[in-house]
Structure formats: C-alpha cells, structure tokens
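The numbers here are math on the coordinates, done by the rules we state, and not lab data. Because the structure is a prediction, the values reported are computed rather than measured. All Cβ positions, glycine included, derive from the backbone under ideal geometry; neighbour counts span all protein chains shown.
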Amino acid sequence: MSPSVALNESQTGLFYKVYHPNRAHYAPGGKNLLQSINNDRFAANRHDNPHYPFADKDEWELVKWFTDASLTQQQIDAFLQLGYAKRNLLSLKSARDIRARIEMLPEVPRWQHQIINIPGGYRTKTPITLYWRNPLDVVKDLYRNPIFSSRLMPGHTFVGIVLASDKTPLTIGTGNREMHPVLLSLANIDAGVRMKATSRAFALIAYLPIVKFSDVTDHEQSILKARLYHWCLDIILQPLKIAERQGETMSDASGLLRVVHTPLAAWIADYPEQQLLACIAGNQSPVTTAFLQNFGDGTARPPRTRQLTLDAIKEVLQEHSTIPNVDAIRAGRALEPFWRACQQRGLSSVDSPFWSDWGDACPSAFLTHDPLHGLHKFFWDHIVKWAVNIMTGPELDARLKCIQPRVGVRHWAQGVSGLKQVTGREYRELEKVFIAAINGGVNPPVMCAMRSLVDFIFQSQNLLFYGETFHALSEALREFHWYKTAVIAAGGRLGKNGVINHFRIPKLEMLHIIGRSARLLGAPYQWTSDITERCHITHVKTPYRMSNRREHHSQCVRYMDRVEKMNVFGLFAALTSNEASLLNDIVTETNDMADHYPEQTWLSRVLPEEEAVSTKHFKARTNLFGKKTSIVSDDEMTAIYLNVKPHFKALSISTIANLYNLPDLRGALGDYFQKLSYLDRSGQRRSRADCSMPTSLFHVWQKFRIQHRSFQDSRIVAPHQTVEALPPDSTKLPFGRCNTVLVSGDNGDCTFAVSEGCRVIQIRIILQPVLSNASTDPPPYLVYGEFFKFATEHTSIDEAQANTSVYTPVPGIDMFQVNRHKRSNGSRMGDIVPLDRILQVVELVPKHGLHIDPSLDCDNSLEGDTFFLNNFSNKENFHAILSYQ
C-alpha cells in the first residue's frame, strides 16, 4: 500500500522505508506481461514484423485510431472503400476483418458468462446472467505489468486487492437502463498512479446482473436482490479467496516468481452499496455500531466487526431454522418473518456474505470513506443548503459573483443557488470560496459550525497524515458538534415539513471513521470514487454506445476485450519495433511530475523522442522548474516564469505610469535603485517624482506563472497558477485586474510576525529595467505592489518564536483580516518588490456585513478597505498559510 500515513524522517529530510523482518523469497524463471507475448502462437510471425497481424506500423496506427475514435463498423467499411485507402494498398478488407485480426492479438484474461438459477420458483423477466472473468488472472496481469514495476514495492508477498463497484445509468432521461460494473486494482500500486484513469490501473472484472423479481413483496424483492448480489460476488471472487489462503505463484514485472497471497484491502463504494456489502439494514452504519438515532450525536461508535455481523446472522438463522436460506424456500413461502428478525438486529437478510470466508476481511476495515460522496457531495447537499436557508440564495449568489476572477480558477458568475446538475469539480471549487463568501451573513456560532466542517474536509484531503493531522480532524469535528445547534436556531435545517431538529445525516456519521480508516489504509484521497466514475465512461458507457443496445452486456465484454488487447499489444509493438527492452528498469527520476504517469515515463526514456510523443495519451502538467529562464527559489520550492517576450517592450517610465495610473511609480523606483528598503525609510517616500534613475525604459509584463512543490510532500509538484496585472481599461476593466500575493519581509522573514514579517500586496505592474551596461546577469524582475496590513487587533505572543508578537486569524472565521495600507493623505501605500520575494498567490475576499453592498461586483471588489485572506482558496494555500503561522 502506498505510504500515505507519514513515516519518520531521516537526517536528510527524506522518508525512509522500514522492511518487514520476514522478507519475501523469489526465484527466476518467470516472465512479465510483455515477455510472455513472445511465447504465444504468433510469436514467430512477429519476428520480422512486430505489428503482426497488421502489415506494418502505419496500418496498426490506423486500426488503433479506428478504435479510439469509436467509429462504427459501417463507417470503417465506408472508409476502406475509398479510393485513397485502396491506392495505399491497405491489407485491411473490412471492419469484420479488422475485428478478426484484433482477436489474434495476445490474450488477456478471458470473459465468461454464467446463468444464475434462483431456487424457489422466483421469476424474472430475463435470465439472470453474470458476466465475469477470473480476477486472479487479472491480478497476475497487473502484478507482472512492467508499466508498474517502479510503482510496485519489491519483496512484497501480499498483493492487496482493491475493488470498486457502483451502478451507473446508461441512458439519460429515457430507457431506465443500468449496468453494475466491478473493478479491480492492487493496493501495491502507488496511489497517485492508481488514481489516474490514463494509467489503466483499474481493470474490469464483472458486470453484475440487475434484475427485478416478479410477483414478490417489496421486502422479498430487497432480500432476493441483496442475496443475488452476494452470490455473484462469491462466484467471481472465489479464486482470490483461495489464493489468500494458499498463496499463488505468479511472476512480477521483473520476471521473478513469487508466492503471493491476495487479501482484500479496500472496497470503494458509495454509502448505499457499502450497506449492501456490509449486509446491514438501511438505518445502520455499515462500519460502526451506530444506528439512525445515533447519527449526528458527536460520539464515535465502535467498529462493526465481521464477527458481530456473522454472529447476528447465525442467531437469526438458528431462530428461523425452517427457512435458513433461499435454497430451502419453495414457491409460496414468504420471507417476511425472516426479514423482520433481521431488521431487529440491523441486518439486510443476507445469509452468507461473500467476505465471510475471505481471510480476515472485515467491512469495518475494507470499506473506505469515499471523499467524493462522503465529503464533497455532503458539503453541497447540506452545508451549502444551510447557508441558502439562512442567507437566501440571491444573497449567497451576490457574494460569490463579486469575488475577483483569476485565470484557471472557477468564477461563479451566475451564482450557485439555481444550479441543477453539479459535478464533483463544482463541489470542490465552491468549497474554496464558500466560508470567505458567507462572512458577516451568518452569526458567529453558525460560522464556527460551518467553517469547522470545511476545515475538516480540507484536512481529510491531506496527502500525508501526521499525529497533528489526526488531532486537527478530531478538533474540527468536536467544534462542529459544539456549535451545530446554532444552525438549527438560525433556520438552516429545513425540510418539506418545516424545521428539522436533528442532524441524523448518514454522511455526517461517517466522518467519524476517517481517522481510523487513515491509520489502517492510508490517506482517504486515494479511495475517492472519482476514478471509478471516470471508469464508468471508459468501461461501461462507451462500450454500450458501441453496441446495438440489444444484449448489450455480451457486446460490451467483447468490446472491452478488444480494447485491452490493443492496449497491451500497442506497448509491446512500440518497444519491440525499437529494439527496446521489455523490462522497465527502475531508475531515479529527476522529474517528480512524471511519477504518476509511469508508462509515458518509461517510453520517453527508452524510445526516440518522436516515438515517445506519438504514444502519449495524456496532457502532461506544465513543469516550470524545468524551464531554463524560470526564477527558482533558493530552497527549490517555488518557480516563477515570465514569457521571454514582454507584453510591452521598452516603454518610458512616464508612459507606464499613465497607462497603469501609478503616479507613485517613479518615486518608488527611485527608492529601489538607491537601495532604500521599506524598513530603512519607515515607509516614507524619499525619492521625488522627478528623481534620476539608471534607466528610463522598462519592459512590462501583464502576467507571470508561479508553481510550488507541495507543502505536504515536496516530491510532488503542484499545478502552476497565473498572476495577472492588467492595466485599467475604461470600457472593460475600469480598475484593471490585479491579483494579490504574499511576499516575504525585507529581511526574508516568511512568518506573520508583527515586525518585519511577510506582507500581502496587490500587484499593479510587472517590469524589468532596460540597462545599457548590463552585466552577464539579466536585470532584475520587479513588481510594483500596493500594500495591505494585517489587522493589529488580532495579535498574540508566540512563545515558540522567542515570544515574538505575531498576527493571528480572526476568531470564528479563522482567517487573517487585512486592511488597505494608506498614507496620511489617503493615497495607497505602494512599493517596488523584487519578483523573487513572492511566496504565494493569495485570494482576498471583501469583509461583508449582514447584507452585501449592492455596488460591489467582480471588477471593483478589491477597491475597498477591509478583506479576509482566504486560506481555503486551494489545498496548497491551506497548508502554506498554516506553515507561515
């Protein structure tokens, strides 16, 4: 499993591994996934033509494009009949011929189907058909896949099984068709790789049947469906259970044979499916002993262990020995008494859970917390709704609309109260501005309740969990439960029938398990169902669209079989045609951002550049640290990049001052060139407006990009951010658009110390002097920024910093308050700051009253005097601002 719970650090500051004393044994003689292709029935044909059964590389690429473009057979046939295709002497005759050749590609785990017969005379409209393939074969393919060789820890004898399942609709609005895929991955694969859809680390192993039984009561319907679900999973997963007990010899990615056991590590599912997996009734928690009346009471209940559930099932079966299970039921015998007995014990009437004979598999351990539904959808369904009920939708919308837009950041130009279809991305984006937006619109206790939950959501998404992380989670949840009654009192909890006087919310109850789950399985972010939602498109909806909509299950599995064969063969052909090794030798990568794309990293290392580019199937993240002209901080944590060509070249200082409406610019530059720091002159302007300078010409940029290594894990590079400094435009941007940043103090201080600490500035212009006698070093990049000062009424003494006086966040909202720094004549305080002193992009949100000022909009919202520094603006800022305190 990936090391998401932080280990101790060595003297070098890097993480180290602690190996199990019982080290694994291995033996030579195995073959990895690609090496095994050289032993199939067509290996001899590929000796001279690596792309066989296709004529050459060009023909293979054409067939690959046909598949990726999801062309129908009729469209492919039409293309092959064109004169162009015939003139190029393609050996392909028809779409049927292409499919026949794809079937000749190296084998992947085979699909099979099985008709499930329900004893007792229960009828369904269509036969109950289970489509599945041996999951142990899938595990072997993943384990020996050289793509993951640098992401699978050597020496492991346990391959933790990660499963995911969820129903997904096939049609929109009409048809009411659904499919129920089951996906499999390995816990040994690095979490960052496993979460990338392009890595193909999740493999489809089954389509579960979805049926409706005829002529049964609602209770019987639920019993039969739940039992059918567990029967099917028992059939599918039986090979993994045997391998968990006895071990299975399999080859790893290096061709070494190992005896491997396959315990169930985690199962990703939404809340209803978790209850189905745990065999628990709808009014119970699937992972703790809490029941509906306990939900939301603030007390964490003990885990619902496997033995508790199995003992309860055994008791019911003993009491109802006349109808112990469905096998003993005959037509006409009702299941109602058995159902009632199960309900009394919080059971779902499943008599034989599939996990009961899978080692020590326990639902309270393998059922993970799903951040997509359990955190982000919970935020949208409840916290946002509370705010709308208290403040009204138009008020919340107006506050969101007035936040300054930034490049690459979601701007809520239409508000949120009228949104109907909202995705996980919108949930996350709204979380970043929500608390800052509602400031002043809710009373302090309500603010404490809502802010503590958002704080919990951000802490739960940590990449690494330390002792203080678990403490912060506990404190955030404790704070919410202390203040939650204020939400009801303010009118936040409303339903169809009026006020809801409780917090019996299942997703709220599930927050209690995050700390325990993180200790068992690592950081929760890796168990989000985002990846499985993405797999619904590639593994379910796309195959369905390529079918004729009749008997679509069988057509979907054939489509997935062809796609998987082509993916494996494409990698094999790319390597063999370039005479590259089929072993992915583990090397130390210098580019951290490539870590989550192991296939492309491998190919870029061993193939010619043009070949590596042609095999690329994802958009790589921009790496500013790798650009020659980037300004990289001394600690190599920050990189700043400006385009080589400025937006305005060699403008005079007077032209710039007029264009950007900065009458103080010349004097500020004069002080800078005289090396008079802000502290040296106590903020006063020493240079006159007509002072002389070493140059009168400057290059001007309107934006730059900044990128950080993650404050949580410096091995990870975060996405870059764009900072704008646009001049005023009377028609479009009357005040320009100038973003805000955090800069270090004149002495390099990066803390919130009252004296000489870091400061918030609004960048009005980015410029570089044009010096005729420049040395080999380029002239410095500068910014002119207008200062904000932290609210002096919120300070404290920090004993850890030698009793230094430091600024502190405002209680309740827990954000720093900043005010426009002005001179005695009312003009704004501004100064020249070297570009390399910028620490972080920050977001300022106006401080509101009970109602928003109706004159505020997104263009003028930063023209006021008092703001909150939004520490939720993104996950990295959340941790960065904590680190500066």
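Summary table below
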read-out	value
The chain: relative contact order as a whole-number percent, Cα under 8 Å and 6+ apart	12
Sparsely packed trypsin sites (Lys or Arg not before Pro) within the range 617-664, loop by DSSP, other Cβ within 10 Å at most 11	K619, K628
Sequence of D370, D857 once ranked by neighbouring C-beta atoms within 10 Å, starting from the fewest	D857, D370
Paramagnetic reach from S755 in the range 673-689 [backbone N under 20 Å; point 7 Å along Cα→Cβ]	677-684
Structure-derived percent of Cα pairs over 44 Å apart: which label, when the choices are (i) 41; (ii) 58; (iii) 47	(i)
Gained length - A44 relative to R681, 0.36 nm times residue gap less alpha-carbon distance	221.1 nm
Those lysines that a straight Cα-Cα span of less than 20 Å connects to K675, excepting residues fewer than 8 apart in one chain	none
Spatially proximal lysines relative to K420 (Cα-Cα < 24 Å; intrachain offsets below 8 disregarded)	K167, K377, K385, K401, K432, K496, K507, K541
Segment Q246-L850, length gained on full extension (0.36 nm per residue, minus Cα span)	210.8 nm
Which of K847, K64 has the fewest Cβ neighbours within 10 Å, and the rest in rising order	K64, K847
Residue order, fewest to most beta carbons within 10 Å, for L204, L679, L511	L679, L511, L204
When each of K628/K732; K93/K196; K703/K875 is checked by Cα-Cα distance, pairs over 31 Å	K628/K732; K93/K196
Sum of side-chain charges, D360 neighbourhood, beta-carbon under 10 Å (Lys, Arg +1; Asp, Glu -1)	0
Contour excess over end-to-end distance, with Cα ends at W482 and T129 and 0.36 nm allotted per residue	121.9 nm
Cβ-defined net charge surrounding Y641, 15 Å radius [Lys, Arg +1; Asp, Glu -1]	+4
Separation in nanometres of the label points that stand 7 Å from Cα toward Cβ, at V810 and E468	2.5
Förster radius 30 Å - calculated FRET efficiency between T157 and Q421 (Cβ-Cβ, nearest 0.05)	0.05
Reach of K86 by Cα under 25 Å, taken over lysines that are not fewer than 8 positions away in the same chain	K57, K64
Charge sum, other residues only, whose C-beta stays under 14 Å from D853's C-beta, Lys/Arg counted +1 and Asp/Glu -1	-2
N117 versus D68: modelled label distance in nm, points set 7 Å from Cα along the beta carbon direction	4.8
Separation of the T542 and L771 label points, Cα + 7 Å toward Cβ, nm	5.4
